[in-house]
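Asks: Take a look at the following structure, please.
The values are calculated or read from the model by the stated rules, or taken from the named source; none is laboratory data. All figures in this text were calculated on a predicted structure; none of them were measured in a lab. When we count neighbours, we look across all protein chains shown, and the Cβ atoms used for this are built from the backbone with ideal geometry, even at glycine.
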Amino acid sequence: MIKHAKPFACLLAALLLAGCTGSAAPTPTTARYRVALIAKSTSTEFWGAVFAGAEAAATEYNMDLTITGPESEEDYAAQNDLIEKAVEDGAQAIIFSASDYQQNAAAIDAAADKGVRIVVVDSAVDSTKVAAYIGADNYGAGQMAAKSALENVEGPLHVGLVSYNVNSPNAQEREKGVVDTLADSGRAEVAATVYSVATPESARAETLTMLARHPEINVLISFNEAVSVGAAQAVSDLGRAEDLWMVAFDSNIKTVDALHTGAVDAMVVQNTYGMGYFSVESAYKLLAGQGNDVARETQTTTRIIDRSNIFALDGQKAVFPFE
């Protein structure tokens, strides 16, 4: 287990919420509500930006926030242990991102049954006791990725998909958005799909194998930060930057570099800072008796970043959300 302790700077909070909408915060009370954020990972740039937004909101609302997560994004058992520990430590609300839609459900239900308010951020869990969900429209994000390829690649598209945890609702929804959009086009087919462990090393190996078996692939779409880094490395290793259109999910310094070299052609970038901020804000309102002001679902913005807009101010804010 990794415990995140060092706070991120939040001096640019107002600027970094660009792309989201929200009302002005109510005046915090003197009570320090105890909130536990349990992420799928604590080591990626995606989650670093979520934590920055969460910590900014916790400071604004005078809340006691702890952030934890497992070593591996697939380790739902470690997450279940962290849920139990958060309850034992007196958390009044848990902000949770599920490694496994079904396997995390019982632990979340048990926490809710003890009076803990549940806010889900980014990745859903199979529980009816979740008070609010904060995250992207993942099906729509998948559609965006497919449209990027359809608009930029002429002729038939032979698509390779690099996904991750098959039990992750995010991955499932993104894949469905891609597949449906490609099918509707009438000129695209999915040649192969691989499901990688969410590490760059595994995704690189899986992508190299897929491209060797299916040399006809001329479009590659990967579905989260870690697998995107690995898939982009595979494209570079094979020298296929010129003849293959790659769409990556999430912003990472390595995929940004790959965008400049041509190994990556477009990135689907989420408002990670906003996810963190609004999840903590929702937890505050639930605990402060302002539940009527909390939406059941809040969709944060998603956009395509490519070489045409990465140097624009909005593009820079999307790619580097807390710099």
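Asks: Before we move on, is Q316 at pLDDT 95 or above and not β-branched (V, I, T)? Please lay out each step first, then the result.
Replies: Details: at pLDDT 95 or above: no; not β-branched (V, I, T): yes.
No: the conditions fail for Q316.
Asks: Return yes or no: is K147 out of contact with any Lys or Arg (no Cβ under 7 Å at 6 or more places or on another chain), among the basic types (K, R), assigned by TED's automatic domain parsing to the domain that holds E173 and touching a residue at least 12 places away in the same chain (Cβ under 8 Å)? Show your work before the answer.
Replies: Values: out of contact with any Lys or Arg (no Cβ under 7 Å at 6 or more places or on another chain): yes; among the basic types (K, R): yes; assigned by TED's automatic domain parsing to the domain that holds E173: yes; touching a residue at least 12 places away in the same chain (Cβ under 8 Å): yes.
In short, yes.
Asks: Need the failing condition index for V194 against (1) crowded, with 17+ Cβ neighbours inside 10 Å; (2) out of contact with any Asp or Glu (no Cβ under 6 Å at 6 or more places or on another chain), just the number.
Replies: The single condition V194 does not satisfy is (2).
Asks: Does region 60-106 hold any residues that are hydroxyl-bearing (S, T, Y) and farther than 19 Å from D126 by Cα, and which are they?
Replies: Of all residues in region 60-106, those hydroxyl-bearing (S, T, Y) come to 61, 66, 68, 72, 76, 97, 99, 101.
Once the filter is applied, which keeps residues that are hydroxyl-bearing (S, T, Y) and farther than 19 Å from D126 by Cα, region 60-106 yields Y61, T66, T68, S72.
Asks: Can you find, within region 245-278, the residue that is surrounded by the most Cβ atoms within 10 Å (Cβ to Cβ) among those that are among the small types (G, A, S) and out of contact with any Cys (no Cβ under 9 Å at 6 or more places or on another chain)? It would help to see each step written out before you state the result.
Replies: Residues of region 245-278 that are among the small types (G, A, S), as a first pass: 248, 251, 258, 262-263, 266, 274, 276.
Imposing the further condition that a residue be out of contact with any Cys (no Cβ under 9 Å at 6 or more places or on another chain) reduces the set to 248, 251, 258, 262-263, 266, 276.
Numbers: A248: 33, S251: 24, A258: 24, G262: 15, A263: 26, A266: 25, G276: 35.
Only one residue tops the list, namely G276.
Asks: Could we say that N80 is in the same structural domain as A288 (by TED's automatic domain parsing) and under 20 Å from the mean Cα position of the chain (by Cα) here?
Replies: Values: in the same structural domain as A288 (by TED's automatic domain parsing): yes; under 20 Å from the mean Cα position of the chain (by Cα): yes.
So N80 passes the test.
Asks: Please note which strands (runs of 3 or more DSSP E) are completely contained in region 1-78 and include at least 2 residues that are at pLDDT 50 or above and surrounded by 15 or more Cβ atoms within 10 Å (Cβ to Cβ).
Replies: It comes to 34-38, 64-69.
Asks: Also: Count, please, the residues in region 126-155 that happen to be touching an Asp or Glu at 6+ places or on another chain (Cβ under 7 Å) and within 18 Å of Q299 (Cβ to Cβ).
Replies: Within region 126-155, residues that are touching an Asp or Glu at 6+ places or on another chain (Cβ under 7 Å) and within 18 Å of Q299 (Cβ to Cβ) number 5.
Asks: Going through region 179-220 one residue at a time, which ones are touching a Phe, Trp or Tyr at 6+ places or on another chain (Cβ under 8 Å) and of a type in the set (V, I, T)?
Replies: Across region 179-220, the qualifying residues are V197, V219.
Asks: If you take the residues in region 197-212 that are among the aliphatic types (A, V, I, L, M) and crowded, with 20+ Cβ neighbours inside 10 Å, which one is modelled with the lowest pLDDT? Even if it seems obvious, please write down each step before you answer.
Replies: Filtering region 197-212 for residues among the aliphatic types (A, V, I, L, M) gives 197-198, 203, 205, 208, 210-212.
In the following step, the residues that additionally are crowded, with 20+ Cβ neighbours inside 10 Å were identified as 198, 203, 210-211.
Working: A198: 92, A203: 97, M210: 98, L211: 98.
The extreme case among them is A198.
Asks: Which pairs do you get when a residue that is closer than 15 Å to A105 by Cβ, found in region 65-87, comes within reach of a residue that is of a type in the set (D, E, K, R) and surrounded by 18 or more Cβ atoms within 10 Å (Cβ to Cβ), reach meaning Cβ atoms under 9 angstrom, with the pair 6+ apart or on two chains?
Replies: Y76/D100; Q79/K40; Q79/D100
Asks: Between a residue in region 203-225 that is more than 14 Å from G239 (Cα to Cα) and any residue that is of a type in the set (D, E) and outside any helix (DSSP H, G or I), which pairs come within a Cβ distance under 8 Å, given they are 6 or more apart or on different chains?
Replies: Close Cβ pairs (under 8 Å, with a partner that is of a type in the set (D, E) and outside any helix (DSSP H, G or I)) amount to N224/D250; E225/D250.
Asks: Of these, S222, S228, which one is closer than 19 Å to A146 by Cα, buried (at least 24 other Cβ atoms within 10 Å of the Cβ) and out of contact with any Asp or Glu (no Cβ under 9 Å at 6 or more places or on another chain)?
Replies: Details: S228 fails: out of contact with any Asp or Glu (no Cβ under 9 Å at 6 or more places or on another chain).
Residue meeting the stated conditions: S222.
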